[in-house]
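The values are calculated or read from the model by the stated rules, or taken from the named source; none is laboratory data. All values derive from a computational prediction rather than experimental measurement. When we count neighbours, we look across all protein chains shown, and the Cβ atoms used for this are built from the backbone with ideal geometry, even at glycine. Surface accessibility is based on the protein's heavy atoms, side chains included, excluding ligands, DNA and RNA. Shrake-Rupley method; radii C 1.70, N 1.55, O 1.52, S 1.80 Å.
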Amino acid sequence: MYTFEGRIRYSETDSEGKLTMASLINYFQDCSTFHSEELGLGVEYLKAEHLVWVLSAWQIVVERYPGLCERVMIGTQPYDMKGFLGYRNFAMTDMAGNYLARANSIWSLLDTGTGRPVAVPEEMRKGYGLGERLEMEYAPRKIT
């Protein structure tokens with residue numbers, strides 16, 4: 001799992017001094033961006049290949065919102081790629097390793113010229129590698 005360390009800033013908190021959901025999502029987004037950039041599969045690579053990842057679904061489970069100035073670890077790991085879909089987990093933990101939040105996300109890879117889905121290229125599959133799916137309760141994809 002790719003990780004980076006962060007610290008909860010005043011601008012990321014609510015009136016109770018706790019991290020907001022919007023800020024949690026920003027940490028997760030930044031983590032996947034850092035990961036892709038370090039692998040050479042980031043923004044410039046995608047532009048050159050005329051590709052874009054579009055978020056299709058989020059499932060975020062929060063155990064506890066961290067407070068102002070709390071140090072946290074943010075991590076992400078792709079765990080599956082099927083056709084044009086990429087599946088990626090995220091986690092935020094405290095510095096003792098306790099989960100603060102876990103997330104599952106599903107992404108679609110699109111061709112920027114046509115706007116249509118395209119299969120994940122082998123170069124990207126190999127570059128990211130796949131990790132184990134994060135232990136969490138996964139919501140069903142179908143709404144009854």
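Are any of the residues in region 78-85 touching a residue at least 24 places away in the same chain (Cβ under 8 Å), under 15 Å from MET1 (Cα atoms) and touching a Lys or Arg at 6+ places or on another chain (Cβ under 6 Å)?
Checked against the condition, which is being touching a residue at least 24 places away in the same chain (Cβ under 8 Å), under 15 Å from MET1 (Cα atoms) and touching a Lys or Arg at 6+ places or on another chain (Cβ under 6 Å), region 78-85 yields at least one hit.
Just to be sure I understand the filter: pairs with C-beta atoms under 7 Å, separated by 6 or more residues or on different chains, first member in region 52-63 and within 13 Å of PHE84 (Cβ to Cβ) and polar (S, T, N, Q), second member open to solvent by less than 60 Å² (accessible area, probe 1.4 Å) and part of a strand (DSSP E or B). Which pairs pass?
Once the first residue is within 13 Å of PHE84 (Cβ to Cβ) and polar (S, T, N, Q) and sits in region 52-63, its partners that are open to solvent by less than 60 Å² (accessible area, probe 1.4 Å) and part of a strand (DSSP E or B) give SER56/ILE106; SER56/TRP107; SER56/SER108.
Quick check on region 60-69. Is at least one of its residues closer than 25 Å to TYR10 by Cβ, open to solvent by 40 Å² or more (accessible area, probe 1.4 Å) and of a type in the set (Ser, Thr, Tyr)?
Yes, some residue in region 60-69 is closer than 25 Å to TYR10 by Cβ, open to solvent by 40 Å² or more (accessible area, probe 1.4 Å) and of a type in the set (Ser, Thr, Tyr).
Here is a list of conditions, (1) open to solvent by 50 Å² or more (accessible area, probe 1.4 Å); (2) within 13 Å of TRP107 (Cβ to Cβ), and SER32 meets all of them except one; can you say which number that is?
(1)
Residues being within 20 Å of PRO140 (Cα to Cα), open to solvent by less than 70 Å² (accessible area, probe 1.4 Å) and not basic (Lys, Arg): count how many of those fall in region 84-122.
13
Considering only region 42-61, I want to know if a residue exists there that is within 15 Å of ALA96 (Cα to Cα) and modelled with pLDDT of 95 or more.
Checked against the condition, which is being within 15 Å of ALA96 (Cα to Cα) and modelled with pLDDT of 95 or more, region 42-61 yields no hits at all.
With the checklist (1) out of contact with any Phe, Trp or Tyr (no Cβ under 6 Å at 6 or more places or on another chain); (2) under 24 Å from MET21 (Cα atoms); (3) surrounded by 15 or more Cβ atoms within 10 Å (Cβ to Cβ) in hand, flag the one item THR76 doesn't pass.
(1)
Scan GLU38, GLU16, GLU12 and give me the residue that is over 30 Å from GLY113 (Cβ atoms), surrounded by fewer than 14 Cβ atoms within 10 Å (Cβ to Cβ) and out of contact with any Lys or Arg (no Cβ under 6 Å at 6 or more places or on another chain).
GLU16
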